[in-house]
Amino acid sequence: MANAVYPKWKEAIKQASANSALTGTVKAYLIDVAVRGYNAADDFYDDVSAAVVGTPVTLTTKTYTNGVFDADPVTFTAVTGAHVEAIGLFIDTGTPGTSRLILYLDTGVTGLPVTPNGGDIICTWDDGANKIFV
């Protein structure tokens, strides 16, 4: 699967639905695609939580410039578990069933794929052109 914005999030934005703004708490999570890869029908974090490796991390220094969304690189600390091939973003409401999925990335993220060994995993978004996404 190539990188993708979740269609259900796009629908939520167009309808001005609750919990769809990137101004909320946006978190990144690591994904074991052997458990669950990208599925266009997924809409909330509870759809993918069984495939998450480690603990989600809040994005810091979010920016929105000329239609480009970016944030600082994320560091997942002391990660153990299954092989990680992708990273995702969601808007955290504190409830998995209402925390909207935003983005699925399996290419263009420095630091992935990786096999956790108990150390930190640092994922860098900026490929020099598009940041996290346009």
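What follows is calculated from the coordinates using simple rules that are stated; it is not laboratory data. Model, not experiment: these values are computed from the prediction. Cβ atoms come from the backbone with ideal geometry, glycine included; neighbour counts cover every protein chain shown.
Data for the structure
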{"quantity": "Cut-off under 5 Å, modelled amide H: who pairs with Ile102 long-range", "calculated": "Leu89, Phe90, Ile91"}
{"quantity": "Residues of segment 95-117 with amide N under 18 Å of a point placed 7 Å along Cα→Cβ from Thr75", "calculated": "110-112, 116-117"}
{"quantity": "Computed lengthening from Ala2 to Asn39, 0.36 nm per intervening residue step minus Cα-Cα distance", "calculated": "12.2 nm"}
{"quantity": "Alpha-carbon centroids, segment 72-99 and segment 15-60: separation in whole Å", "calculated": "7"}
{"quantity": "Value of [θ]222 nm, deg cm²/dmol, for the chain, DSSP H segments ≥ 4, -39500 (n - 2.57) each, nearest 500", "calculated": "-1500 deg cm²/dmol"}
{"quantity": "Cβ-based charge dipole, the chain, positive-most Cα from Ala51, Val35, Asn66", "calculated": "Asn66"}
{"quantity": "Relative counts (whole %) of C-alpha pair distances in the chain, using bins that are 5 Å wide", "calculated": "2, 11, 22, 25, 22, 13, 4, 1, 0"}
{"quantity": "Debye-sum result for segment 1-44 in log10 I(q)/I(0), which assumes one identical scatterer on each alpha carbon, at q = 0.22, 0.26, 0.31, 0.32 Å⁻¹", "calculated": "-0.89, -1.10, -1.24, -1.26"}
